[in-house]
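> Provided herewith is a single structure, encoded as structure tokens, for subsequent inquiry.
The values are calculated or read from the model by the stated rules, or taken from the named source; none is laboratory data. If you're wondering where the values come from, they're calculated on a predicted model, not measured in any experiment. Because the Cβ atoms are built from the backbone with ideal geometry, glycine has one as well, and the counts that use them run over all protein chains shown. Note: accessible area is taken over every heavy atom of the protein model, side chains too, but ligands, DNA and RNA are not part of it. Shrake-Rupley method; radii C 1.70, N 1.55, O 1.52, S 1.80 Å.
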Amino acid sequence: MNQQTLLENSKKHLWLPFTQMTDYERDPLIIESGEGVRLRDIYGNEYLDGYSSLWLNIHGHRKKEIDEAIKKQLDSIAHSTLLGASNVPAIELAKKLVEITPSNLTRTFYSDSGAESVEIAIKMAYQYWQNKGYTSKRKFVTLTNGYHGDTVGAISVGAIDLYHRVYGSLMFESIKAPFPLVYRHENEHLDVIRDEALDELHKIFEKHNEEIAAITVEALIQGAGGMNIMPPGYLKGVEKLCRKFNILLIVDEVATGFGRTGKMFAVEHEDVQPDLMTIAKGITGGYLPIAATMATEEIYDAFYGEYEDFKTFFHGHSYTGNQLGCAAALANLKIYEQENLIDKVQEKMAYIAFELQDIEELKHVGDVRQLGLMCGIELVMDKKTKKPFPWQERIGYKSTLRMRQLGMLTRPLGDVVVFMPPLASSKEELSEMISILKQGIEETTEAFVSVN
Ligand SMILES: *Cc1c(COP(=O)(O)O)cnc(C)c1O
């Protein structure tokens, strides 16, 4: 197809995820290729990948070792089912994942997306208690503003009004505990904000622990909820409360895993040991749809028995444990070791923190939040009062469109501009991205204020 036909057909036959199609029609983008941290569209325009192709990409595009691992696997087989049978790369990857995740996690259950890995964690936690005879433990606690994916189970433990409101009566009810949101809190002391949220959680656990199966929580930072970083010690506090009240801890590392926050997994920052941990996004370096739910031996044991015991975990999809995906993930993880990637991320984090100071100074930047290579820049009308822009103006969205014209792709979360470069980005590339970030924000916010 030529450029014109591609464009017409994209408008005529595609329906894009999390996208109002009139937005796409006004500002279409069709990617044709990528190399390193750059993407190229069908007209030959180049863009820096400022959001790691939606928080996935690690080593850049067309990484030789991953490309080759997939080709090599293709010479053996592309896919065979994991239902009742296993395969070579799935076994090797399972072992590797057990090695690199917290030491209490010993079992790998595969799936195809972050949302599915969460569905699995929910079903496992629920059935774990049923299998053990604690039949009243059926409820889930979740944090305000949390995001765990878009399927019906995952939205039931999520709490982002914009995405979840319409589906109200479809979802099961979960108990919402307050997230310790720092920006806009009337108190500025992190430990006060932390303890206040933990006290609330304590109350909920104390009152309802006999009905609660598990709590779902993102690791250290809420991603889609607006890049909100937890005060230090909060996640550790949640873990302690889970142990005290016999409640399973499900930690969602879908966005934070694989070095994104400066540790292989964000739970390592506070030495937290989840009962179930969900991983996806970076697992294949951003190549193929593999995800996993990591479980403890204790949880695994509750499902173990003869068929007649009816303890089997009835879940699995057509492509679960796909060989090409597992081979890509293995190659991805090998590069972390060969290139000492996590060590290198430390320098890049510091470099970004330094460069972002410039952005923090901008008149309409209310808050800059950064954990590792995960950054959110909150735009506000008034820096002092933290008054937001009118939502209809879509300042965040317009800023990112301007960045696209300037040569970088990213997507906002409302008026929080996301900056999440591939872990392999060089200092020069980071610097180029941050100057586009700055120019896009400055021009868009100033243009709005000058006419209003
Ligand atoms: C992206 C994300 C998910 C959902 O992952 P998908 O692969 O998009 O289904 C779940 N949890 C968190 C924390 C995420 O950031």
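> Please work out whether the stretch 212-312 counts as rounded, prolate or oblate from its C-alpha gyration tensor, where a ≥ b ≥ c are the square roots of the eigenvalues and a/c under 1.5 means rounded, while otherwise a/b larger than b/c means prolate and anything else oblate?
Verdict is oblate for the stretch 212-312.
> Could you tell me the accessible area of S156 in Å² (1.4 Å probe, neighbours in place), rounded to the nearest ten?
Accessible area, nearest 10 Å²: 0 Å².
> Ignoring ligands, DNA and RNA, what percent of the 1.4 Å accessible area of the stretch 1-93 is carbon and sulfur?
About 55 percent, which is the carbon plus sulfur part of the accessible surface.
> Continuing with this model, one more query. Have a look at Y126, L93, S103 and report the one farthest towards the positive end of the charge dipole of the stretch 85-131, computed about the Cα centre with Cβ charges (Lys/Arg +1, Asp/Glu -1).
Checking the options against the dipole of the stretch 85-131, the answer is S103.
> Would you check the accessible area of L406, probe 1.4 Å, heavy atoms only, in square angstrom rounded to 10?
Accessible surface of L406 is approximately 50 Å².
> Of all DSSP beta bridges located in the chain, what percent are antiparallel, nearest 5?
65
> Now a separate question. Which value, in Å² rounded to 10, gives the accessible area of V380 with a 1.4 Å probe and all protein chains present?
Estimated to the nearest 10 Å², V380 gives 0 Å².
> Over all distinct alpha-carbon pairs, what is the Kirkwood Rh of the stretch 157-246 in angstrom?
Taking every pair of different Cα atoms in the stretch 157-246, averaging 1/r and inverting gives 14.2 Å.
> Per-residue ellipticity at 222 nm for the chain, helices alone: DSSP H runs ≥ 4 residues times -39500 (n - 2.57), over residue total, nearest 500 deg cm²/dmol?
Using -39500 (n - 2.57) per qualifying helix, the result is -12500 deg cm²/dmol.
> Still on this structure, I have one more. Which value, in Å², gives the accessible area per residue of the stretch 67-338 when a 1.4 Å probe is used on the protein heavy atoms?
43
> Between E186 and D199, how many nm apart are label points set 7 Å from Cα along the C-beta direction?
1.3
> Suppose the Debye formula is applied to equal point scatterers at every Cα of the stretch 67-338; what is log10 I(q)/I(0) at q = 0.09, 0.12, 0.14, 0.15 Å⁻¹?
Reported log10 I(q)/I(0), two decimals: -0.41, -0.72, -0.98, -1.11.
> If you rank K137, K72, K398, K236 by how much accessible surface each has, with a 1.4 Å probe, what is the order from largest down?
K72, K398, K236, K137
> From the phi angles alone, apply the Karplus equation (6.51, -1.76, 1.60; θ = phi - 60°) to the stretch 424-440 and give each ³J(HN,Hα) in whole Hz, x where the residue is Gly or Pro.
7, 3, 7, 4, 4, 5, 4, 5, 4, 5, 5, 6, 5, 4, 5, 5, x
> Continuing with the same structure: Would you mind telling me the share, in percent, of accessible area of the stretch 339-449 contributed by carbon and sulfur at probe 1.4 angstrom?
Of all accessible area on the stretch 339-449, carbon and sulfur atoms account for 50 percent.
> Got a sec to turn the phi values of the stretch 22-35 into Karplus ³J(HN,Hα) couplings, 6.51 cos²θ - 1.76 cosθ + 1.60 with θ = phi - 60°, whole Hz, x for Gly and Pro?
Result, rounded to whole Hz: 5, 4, 5, 4, 6, 10, x, 8, 10, 7, 10, 7, x, 7.
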